[in-house]
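The values are calculated or read from the model by the stated rules, or taken from the named source; none is laboratory data. Computed from a prediction, not measured in an experiment: that's the story for all the values here. Quick reminder, even Gly has a Cβ in these numbers, built from the backbone with ideal geometry, and neighbours come from all protein chains shown.
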Amino acid sequence: MNQDLTDNMERMVVKLTYLGIQDKPIPSLLFSVRVIPEALEMLKRHQLLHANDEYGITNIVIASQRLQKLVELVERRAGNVADNSTPSVLGIALIVTGRQGCREFQLASADAAIFFNQLHETLSSDQEAVTQFDWWRARTNL
């Protein structure tokens, strides 16, 4: 992870959006070190708003060390961006609040499942975060 991101964990947000087939909308997840009350406005500003976000966003607050590990995990997985031949099921965005810059990419089903397992392991010592993530993951069929 670059030093700029390490220095800005307070403003870092990781957003997960399920893009696969859904019976009903599955709210996006935001991981951050604090509650982001202005989440919808922030997503609109960064042009990262998906249809699911209109039905609610679950903000999971985690320790800065866990968020740093999550950002590193996302950056490692970013090399496995879905191509046009495989439908994407997971949208991931790295956002630094208060800045214009962000990065967004998508994963296909197999890569998303691997990412979810690694994310679960990253969160493993934070029972509340694991419970919220597991509830969300169960709704995605991955």
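Please verify whether region 35-43 includes one or more residues that are within 21 Å of Leu107 (Cα to Cα), free of Cβ contacts under 8 Å to residues at least 24 places away in the same chain and not in a helix (DSSP H, G or I). No, that holds for no residue.
Scanning region 76-97 for residues that are under 12 Å from the mean Cα position of the chain (by Cα) and modelled with pLDDT of 80 or more yields Leu90, Gly91, Ile92, Ala93, Leu94. Taken together, the residues in region 44-70 that are assigned to a strand (DSSP E or B) and touching an Asp or Glu at 6+ places or on another chain (Cβ under 9 Å) amount to 2. Here Leu73 fulfils each of the conditions (1) of a type outside the set (Gly, Ala, Ser); (2) assigned to a strand (DSSP E or B); (3) in contact with a Phe, Trp or Tyr (Cβ under 8 Å, 6 or more places away or on another chain); (4) at pLDDT 85 or above apart from (2). Of all residues in region 39-62, those satisfying the criterion of being out of contact with any helix residue (DSSP H, G or I) (no Cβ under 7 Å at 6 or more places or on another chain) and surrounded by 14 or more Cβ atoms within 10 Å (Cβ to Cβ) are Ala39, Met42, Arg45, His46, Leu48, His50, Asn52, Val61.
Let's see how each residue does on (1) under 15 Å from the mean Cα position of the chain (by Cα); (2) at pLDDT 90 or above; (3) under 15 Å from Val71 (Cα atoms):
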| position | (1), (2), (3) |
| --- | --- |
| Ala108 | yes, no, no |
| Asp111 | yes, no, no |
| Gln118 | yes, yes, yes |
| Ala129 | yes, yes, no |
| Trp135 | yes, yes, no |
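Scanning region 20-42 for residues that are modelled with pLDDT of 85 or more and within 22 Å of Glu72 (Cα to Cα) returns Ser28, Leu29, Leu30, Phe31, Ser32, Val33, Arg34, Val35. Among residues of region 7-19 being modelled with pLDDT under 80 and surrounded by 13 or more Cβ atoms within 10 Å (Cβ to Cβ), the one that is farthest from Ala138 (Cα to Cα) is Asn8.
In region 52-60 there is at least one residue matching the filter, namely being closer than 19 Å to Val89 by Cα and touching a residue at least 60 places away in the same chain (Cβ under 8 Å). Taken together, the criteria exclude Gln100 from residues that are more than 10 Å from the chain's Cα centre (by Cα), outside any loop (DSSP other than H, G, I, E, B) and either within 18 Å of Arg34 (Cβ to Cβ) or modelled with pLDDT under 85 (or both).
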